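The values are calculated or read from the model by the stated rules, or taken from the named source; none is laboratory data. Quick caveat: nothing in here was measured; it's all calculated off a predicted structure. Using ideal geometry, Cβ is built from the backbone for each residue, glycine included, and neighbour counts are taken over all protein chains shown.
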Amino acid sequence: MKERKQTYNFTLLLSGADPLTPENLNKLYEAGCDDATFGRRESLSYAEFDREANSLAEAVGTAIRDIEGAIPGLQAVRVEPEELVSPAAIATRTSRSRESVRQLMEGMRGPGHFPAAAMWVTSTRRLWRWSDVANWFVTYLDEELPNAQDAIFLGACNGALEVRWHLQRLSVQDDRLELTRFLRENLKLSPGQSPVESGRAEGPRSTRRTAKVSPARRR
């Protein structure tokens, strides 16, 4: 029996060419992005998708290819929901109180071994990788969180997008070659493959608009 597709909600943060012009909205619709709403957060554009696919990976991958194939110079730089989370966000995602999460983190409740923070924003504020936290709840508390495996994919996807972003901006050729070599060796890429496409994205433009790609925008 053919596997039934699910609808996945996610947001792509975008940099480069402005997707909100009438011409570009038409291109995005023609490219298959009629399931997305486009808008802007300060200097970054975004596309919020409700995409049917067999998996989150397929949904995100096709969305990135559709957008970047439709408009030269427009690139995805991050996928949300965010991988780095605060204790408050962990409480929300696990349907627990903030105090319950704090006690789990400090070993006052539960089996201990809570994941270490991935980042210290300040001397008192920490952030965790959601993939680490979700895996801990599954492994130590036997709690099946919805889409725990998807958290690992989102972490890897955002890591790859960030590498591409920085690699494109390396001005020293030896630095680019060394980093590309490292990625090829560790990701088992063949000699003819590159982890990023060459070229640089255009600088972001400043607007504050939101638009839903729809058939009415077709010429």
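Can you find even one residue in region 149-170 that is touching a strand residue (DSSP E or B) at 6+ places or on another chain (Cβ under 9 Å), in a loop (DSSP other than H, G, I, E, B) and either at pLDDT 80 or above or surrounded by fewer than 16 Cβ atoms within 10 Å (Cβ to Cβ) (or both)? Checked against the condition, which is being touching a strand residue (DSSP E or B) at 6+ places or on another chain (Cβ under 9 Å), in a loop (DSSP other than H, G, I, E, B) and either at pLDDT 80 or above or surrounded by fewer than 16 Cβ atoms within 10 Å (Cβ to Cβ) (or both), region 149-170 yields at least one hit.
Is region 61-77 home to any residue that is assigned to a helix (DSSP H, G or I), within 21 Å of Y8 (Cα to Cα), charged (D, E, K, R) and modelled with pLDDT under 95? Within region 61-77 (the criterion being assigned to a helix (DSSP H, G or I), within 21 Å of Y8 (Cα to Cα), charged (D, E, K, R) and modelled with pLDDT under 95), the answer is no, since none of the residues qualifies. Picking from residues in region 48-102 that are acidic (D, E) and touching a residue at least 40 places away in the same chain (Cβ under 8 Å), the one that is nearest to A156 (Cα to Cα) is E83.
Has region 56-67 got any residue that is hydrophobic (A, V, I, L, M, F, W, C), surrounded by fewer than 16 Cβ atoms within 10 Å (Cβ to Cβ) and touching a Lys or Arg at 6+ places or on another chain (Cβ under 6 Å)?
No, because not a single residue in region 56-67 is hydrophobic (A, V, I, L, M, F, W, C), surrounded by fewer than 16 Cβ atoms within 10 Å (Cβ to Cβ) and touching a Lys or Arg at 6+ places or on another chain (Cβ under 6 Å).
The condition of being out of contact with any Leu (no Cβ under 9 Å at 6 or more places or on another chain) and hydroxyl-bearing (S, T, Y) holds for only one of T37, T94, that being T37. Residues in region 89-100 include none that are farther than 22 Å from A134 by Cβ, surrounded by fewer than 21 Cβ atoms within 10 Å (Cβ to Cβ) and of a type outside the set (S, T, Y). If F38 meets every condition in (1) free of Cβ contacts under 8 Å to residues at least 24 places away in the same chain; (2) more than 19 Å from W165 (Cα to Cα) apart from one, which number is that one? (1) is the only condition that F38 fails.
State the number of residues belonging to region 2-22 that are exposed (fewer than 15 other Cβ atoms within 10 Å of the Cβ) and under 13 Å from A36 (Cβ atoms).
Residues in region 2-22 being exposed (fewer than 15 other Cβ atoms within 10 Å of the Cβ) and under 13 Å from A36 (Cβ atoms): 2 in total.
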